[in-house]
Amino acid sequence: MKHFIANWKMNGSIEALETYCQHLANTKDFLNDSIILALPALYIPKAHQCLKNTPIAIAAQCVSAHKDGAYTGQLSARMFAELGCSYAIIGHSERRETESISSTYNQMLQCIHSGLKPILCIGETLQEKNEMRTIEVLTNQLQPMLTLKQQGHDIWVAYEPRWAIGSGLTPDNNEINIVAEWFKSLSASKFIYGGSVNPNNIENLAECTLDGFLVGGASLDYKLTNQMVNICTHYS
Ligand code: PGA
């Protein structure tokens, strides 16, 4: 089965979460971690309670680059681990506006020290794509992951072209496969695709050399999620 990672971003409610978890209950025979929910931090304890005895894992949407200290409002990787998270999304494009590449390195390091598996997002803007700079941009963003990988740490990577996020646009399969092949030539780690994935295009996208999907908008609806999860079960 391909992995299905739902990224709720800053959406949802406790009530919606309870309904969502109830409808994912029929996934109890799935392999561990084939479904991962990246939820708003405040909803994680509730999700942990609703999802115990299921193979569904929980992810943080971001973590602090610091271990602990005087960082008002920030949440550490260790705190997410304490709440039952096992993954953390790092470097999502909605956060890269204010976060440097070295910060993504430190965030991943904190995750590793706390037992969270980082899922590093990389992706080019439309302008960078048009200037044929995709691989150059991705190479820069990937560097911290490759450094940690050399030290023996397992990190997943999500290719999320910025222009595809929330736009309804996706690269064609050939474009995704070119990036996937480039990535696989550097690392044997899991390679995920994200950006405007929905029940209508996931089957076609599943033909690419991918280990799974990171889904934003379409993952908020449990019916759409169930449809996409079911399709993911048909692909290895
Ligand atoms: P989208 O978001 O599926 O709404 O395009 C994906 C993401 O931002 O991870």
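The values are calculated or read from the model by the stated rules, or taken from the named source; none is laboratory data. Treat the numbers as computed from the prediction; the structure is a model and nothing was measured. No Cβ is skipped: glycine too gets one built from the backbone with ideal geometry, and neighbour counts run over all protein chains shown.
Conditions tested, residue by residue: (1) within 12 Å of the ligand (Cβ to nearest atom); (2) in contact with a Phe, Trp or Tyr (Cβ under 6 Å, 6 or more places away or on another chain).
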residue: E181; (1), (2): no, no
residue: K184; (1), (2): no, no
residue: F191; (1), (2): no, yes
residue: T209; (1), (2): no, no
residue: S219; (1), (2): yes, no
residue: L224; (1), (2): yes, no
residue: Q227; (1), (2): no, no
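Among the residues of region 157-166, how many are assigned to a loop (DSSP other than H, G, I, E, B), on the phi < 0 side of the Ramachandran plot and either within 7 Å of the ligand (Cβ to nearest atom) or in contact with a strand residue (DSSP E or B) (Cβ under 8 Å, 6 or more places away or on another chain) (or both)?
2
This table checks each residue for (1) assigned to a loop (DSSP other than H, G, I, E, B); (2) under 18 Å from the mean Cα position of the chain (by Cα).
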position: T54; (1), (2): yes, no
position: A59; (1), (2): no, yes
position: V63; (1), (2): yes, yes
position: D68; (1), (2): yes, no
position: M79; (1), (2): no, no
position: I89; (1), (2): no, yes
position: E94; (1), (2): no, yes
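What residue, among those in region 95-124 that are closer than 24 Å to K46 by Cβ and either surrounded by fewer than 17 Cβ atoms within 10 Å (Cβ to Cβ) or at pLDDT below 95 (or both), is nearest to the ligand (Cβ to nearest atom)?
Across region 95-124, the extreme among qualifying residues is R95.
Table: residues versus (1) assigned to a loop (DSSP other than H, G, I, E, B); (2) touching a strand residue (DSSP E or B) at 6+ places or on another chain (Cβ under 7 Å); (3) more than 23 Å from P118 (Cβ to Cβ).
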| position | (1), (2), (3) |
| --- | --- |
| H153 | yes, no, no |
| I176 | no, yes, no |
| E181 | no, no, no |
| S189 | yes, yes, no |
| N200 | yes, no, yes |
| L210 | yes, yes, no |
| S219 | no, yes, no |
| N230 | no, no, yes |
| Y235 | yes, no, yes |
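If T54 meets every condition in (1) β-branched (V, I, T); (2) under 30 Å from L31 (Cβ atoms); (3) at pLDDT 95 or above apart from one, which number is that one?
For T54, the failing item is (3).
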